[in-house]
1. Test of understanding: among B:161, B:219, B:171, B:198, which residue is of a type in the set (Ser, Thr, Tyr) and without any contact (Cβ under 8 Å) to a residue 12 or more places away in the chain?
2. Could you tell me which of the residues B:245, B:253, B:209 is closer than 30 Å to residue B:85 by Cα and among the small types (Gly, Ala, Ser)?
3. So, in the range B:94-104, of the ones that are without any contact (Cβ under 8 Å) to a residue 40 or more places away in the chain and either at the interface with another protein chain (Cβ under 7 Å from one of its Cβ atoms) or among the aliphatic types (A, V, I, L, M) (or both), which residue ends up surrounded by the fewest Cβ atoms within 10 Å (Cβ to Cβ)?
4. Restricting to the range A:215-231, name every residue that is over 14 Å from residue A:61 (Cβ atoms) and part of a helix (DSSP H, G or I).
5. Looking at this structure, is residue B:60 facing chain A (nearest Cβ under 8 Å) and either touching a strand residue (DSSP E or B) at 6+ places or on another chain (Cβ under 7 Å) or not aliphatic (A, V, I, L, M) (or both)?
6. Would you confirm, using the coordinates I've provided, whether residue B:19 is under 15 Å from residue A:102 (Cα atoms) and over 21 Å from the mean Cα position of the chain (by Cα)?
7. Which residue, of B:91, B:83, is touching a residue at least 40 places away in the same chain (Cβ under 8 Å), aromatic (Phe, Trp, Tyr) and surrounded by 24 or more Cβ atoms within 10 Å (Cβ to Cβ)?
8. Can you find a residue that is of a type outside the set (A, V, I, L, M, F, W, C), in contact (Cβ under 8 Å) with a residue 12 or more places away in the chain and not in a helix (DSSP H, G or I) anywhere in the range A:84-96?
Amino acid sequence: MFSLLMHEIKSRCTAILGWGFGLILYGAVYILIFPPELFEQFKFLKDLSVYALVGIQLGSFEGYMASIVLVYIPILLSIYCIIASTSTLAGEEDSGTLELIVAMPLSRWQILTAKAVALSVVVLSIMIIASIGNAFVLEAIKINTQINVTPFGLFTALMSSLPLELAFIMIGLFLGTILPNRRLSATALTIFFIASFFGENIAGMVKSLEPIKYFSLFNYYNTTETIFTEGAQVSDVLALAGIAAVFFILALICFSRRNITVGGWPWQQGKITD
Amino acid sequence: MSSEVIIGTRDLSVYYGEHRGIKDLNLSVQKGEVFGFLGPNGAGKTTTLRAILDIIHPTKGSAALFGLDSRKHGVAIRERISYLPGELSLYPSMKASYFLDFLGSLQKNKRDESYLEQLLERVDLDPSRKMREYSHGNKQKIGVVAAFMGKRELIILDEPTIGLDPLVQRTVLELVLEVKEEGRTVFISSHNLKEVQTVCDRVGIIQNGELIKTEKVDTLINQQLRRLEINFRKEPPHDAFAIEGVKEISREGNLVLFEVSQDLDRLMEKAAPYGIIDLETKSVSLDEIFLAFYSPQKRGGHNV
């Protein structure tokens, strides 16, 4: 199991560096282009619905940071989570390499656990690189500009998105164990991801739609400026960790029952017909 | 060969939804035996192997390896097995040497470096390149090396020589025979009768998901189809050769072509009165033998 875990991590070293430094670049661009003289103009735009829809707050520098950096870095990383979580089981089953692994002296739970842990380590590594990098960029601009967000505050705020990413990974693994192929798993998870993101923002704008926010993973991830002062709420972290745990267990159950290489729907179990 | 049963299946059935993969398969492979599993594409060979290895769960019935139930003791069983899939897929960006190390560590092998080097040399493979740089044949060589390097008690090979050049095909068959000499067991799925004849002790013949025959290879060889062209001194009547296992294929005057699936005694007996000027045995391709065996009227598997 350890060999499989190490292989899964090693095979994603390039992704760790690429995504980690890519997300530093993304954050750095937005942190560095923030011009204090434009801030007054942003204030006029802050109540526009379109900004509310995509979760952007422009009332303060902290709001801007929370909106642009804390929302979009996890969103970009979620795209990686969708790709990686659906390719590691469903993708390998489609390509045929999973058959080799399943024929090894490993139980199904060991295979799934190794892959889930490896993906979690990879995403954690990407987040650490991206968070440290963005904290350094913030420290650099603090020399010239008076702002209230500390580099450590930005680091912890970014790291608080980890449970969100883990939840997406476990849902992706689960979908890979119940849907016929990787394409369907990735499509289903992408739809859920988009619905989750916009659903949470729309629920915040329309009172009658408020209950739908509880079905959105983003509801449990704080992207307001309070994250810099109050940190992530324990209840939100627990909720996301709980969701991740539930889907991990469901994935374990479904993977142990799955007929590898067949690629059928769960209800297409073999039936004796003659 | 020992009487210890290495692979045993009881009413093993796999259905894909309502489509039958294999049905009520009862099979027994002894220790030290090279068992060939013959059948055309889609007959259920790969499904059987996957069900035995618990890659696919049986819809009905069970499989036991080394006396252990394949579903309950999968890990313990797979520690004693190596498997070469028929549709071998490899990680494109991985080097072959890393892949072999990786599989070795998953198999929990004690690495026998000299044996591995010997295998690589025998199949003429340089493992220092990435998978995507290898031809189909070379990828198959990697699979072959991976299957043999662990020196497992049971080696399961699904169409092992597909895509290999004749020299390497021969090497693979030699490796199988060496495994047999060491008292280990090989289960080899194929539709290549020639390779089955070369290495196997017994064969199981599968058609439409059902095991229609289990036969010693010697018997199978004796049942092979032959073609015989006889130039008669005088033209025999059309009903002169109504013998079981003899079929008249064509006739041009005194020259008659027969397809024979039995000993020639009876045919010779019937042919002698018309005078035999010349007699020629025509070679029948393996494809023809195969087609003859699986033709609908021979569903019972007789008169190969």
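The values are calculated or read from the model by the stated rules, or taken from the named source; none is laboratory data. Predicted model only: the values in this text are computed from it and were never measured. All Cβ positions, glycine included, derive from the backbone under ideal geometry; neighbour counts span all protein chains shown.
1. On the way: B:161 fails: without any contact (Cβ under 8 Å) to a residue 12 or more places away in the chain; B:171 fails: without any contact (Cβ under 8 Å) to a residue 12 or more places away in the chain; B:198 fails: without any contact (Cβ under 8 Å) to a residue 12 or more places away in the chain.
Exactly one of B:161, B:219, B:171, B:198 is of a type in the set (Ser, Thr, Tyr) and without any contact (Cβ under 8 Å) to a residue 12 or more places away in the chain, namely B:219.
2. Numbers: B:245 fails: closer than 30 Å to residue B:85 by Cα; B:253 fails: closer than 30 Å to residue B:85 by Cα.
Sole residue among the options that is closer than 30 Å to residue B:85 by Cα and among the small types (Gly, Ala, Ser): B:209.
3. Initially, the range B:94-104 is screened for residues without any contact (Cβ under 8 Å) to a residue 40 or more places away in the chain, giving B:94-95, B:97-98, B:101-102.
Next, only the ones that are either at the interface with another protein chain (Cβ under 7 Å from one of its Cβ atoms) or among the aliphatic types (A, V, I, L, M) (or both) stay: B:94, B:102.
Details: B:94: 18, B:102: 23.
Ranking the candidates gives B:94 first.
4. Within the range A:215-231, A:215, A:217, A:218, A:219, A:220, A:230 meet the criteria.
5. Numbers: facing chain A (nearest Cβ under 8 Å): yes; either touching a strand residue (DSSP E or B) at 6+ places or on another chain (Cβ under 7 Å) or not aliphatic (A, V, I, L, M) (or both): yes.
So residue B:60 passes the test.
6. Details: under 15 Å from residue A:102 (Cα atoms): no; over 21 Å from the mean Cα position of the chain (by Cα): yes.
For residue B:19, the condition - under 15 Å from residue A:102 (Cα atoms) and over 21 Å from the mean Cα position of the chain (by Cα) - is not met.
7. B:83
8. Kept after step one, since they are of a type outside the set (A, V, I, L, M, F, W, C), are these residues of the range A:84-96: A:85-88, A:91-96.
In the following step, the residues that additionally are in contact (Cβ under 8 Å) with a residue 12 or more places away in the chain were identified as A:85-88, A:91, A:93-94, A:96.
From what is left, the residues that are not in a helix (DSSP H, G or I) are A:96.
Checked against the condition, which is being of a type outside the set (A, V, I, L, M, F, W, C), in contact (Cβ under 8 Å) with a residue 12 or more places away in the chain and not in a helix (DSSP H, G or I), the range A:84-96 yields at least one hit.
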